[in-house]
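Here is the structure we will look at.
We did not get these values from a lab; they are worked out from the coordinates using the rules stated. Bear in mind the structure is a predicted one, so any value in this text is a computation, not a measurement. FYI the Cβ positions are ideal-geometry reconstructions off the backbone, even for glycines, and counts take in every protein chain you see.
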Amino acid sequence: MKLDSIDRKLLALLQADAETQVAELAAQVGLSATPCWRRIQRLKEAGVIKRQVALVDRDKVNVGVTVFVAVRTSTHSQEWFERFRAAVGAIDEVVEFYRMSGEVDYLLRVVVPDIAAYDKVYKRLIADTQLLDVSSSFAMEELKFTTALPLSYIR
């Protein structure tokens, strides 16, 4: 799907606030409401807009501590991976999970209220799979957090 400058503007506006009314979006991108709505629907149908969610304040729901967990393993079979992925997927506190290149095999971002809660997550993580090394780093201060993706790379 080819995205033009209006699509880019719409995406930027929707990433800032997905609840913005179509009429307001249309005015900001120079369209009337119906063509603007159609563009948004086209972006959704094409999978450019995957879903719309509410961003919840972590402190207000008592998960203000962020932990980055680096995992190394000596096992790389598909069976092991499927078991590990299922174990991580069952832990709600893990909000991001990546397979990495380099010295670390997997990186997880975990949100919890405190160190004791993280210890429970850690014990669940190591209970179901064989891991070589688990290294945890607690974020001291959040300096930047955004869900908005850069749009300058759109072709």
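Distance from the alpha carbon centroid of segment 84-113 to that of segment 14-32 works out to 35 angstrom.
On full extension of the chain, what length is gained from Asp133 through Glu79, given 0.36 nm per residue of separation minus the C-alpha to C-alpha distance?
17.5 nm
For the chain, the Cβ-based charge dipole about the Cα centre amounts to some 700 debye (Lys, Arg positive; Asp, Glu negative; other atoms uncharged).
Report, in listed order, any pair from Lys44/Lys144; Lys9/Lys50; Lys2/Lys50; Lys2/Lys44 with a Cα-Cα distance greater than 19 Å. Mind showing how you got there, number by number?
Working: Lys44/Lys144 27 Å; Lys9/Lys50 17 Å; Lys2/Lys50 16 Å; Lys2/Lys44 14 Å.
From the list (Lys44/Lys144; Lys9/Lys50; Lys2/Lys50; Lys2/Lys44), the Cα-Cα distance tops 19 Å for Lys44/Lys144.
Do any GluC sites (Glu not before Pro) in segment 1-86 lie in a DSSP loop with no more than 16 other beta carbon atoms within 10 Å, and if so, which? Taking segment 1-86 and a limit of 16 other Cβ atoms within 10 Å, the loop GluC sites (Glu not before Pro) found are Glu19.
Can you tell me the FRET efficiency between Leu151 and Asp57 if r is taken as the Cβ-Cβ distance and R0 is 35 Å, rounded to the nearest 0.05?
On the way: r = 25 Å, r/R0 = 0.73.
Taking R0 as 35 Å, the efficiency between Leu151 and Asp57 is 0.85.
Here segment 33-84 is assigned +1 on the Cβ of each Lys and Arg and -1 on the Cβ of each Asp and Glu. Its dipole about the Cα centre then comes out at about 360 debye. Simple point charges give the picture: +1 on the Cβ of Lys and Arg, -1 on the Cβ of Asp and Glu, and for segment 1-64 a dipole about the Cα centre of about 300 debye.
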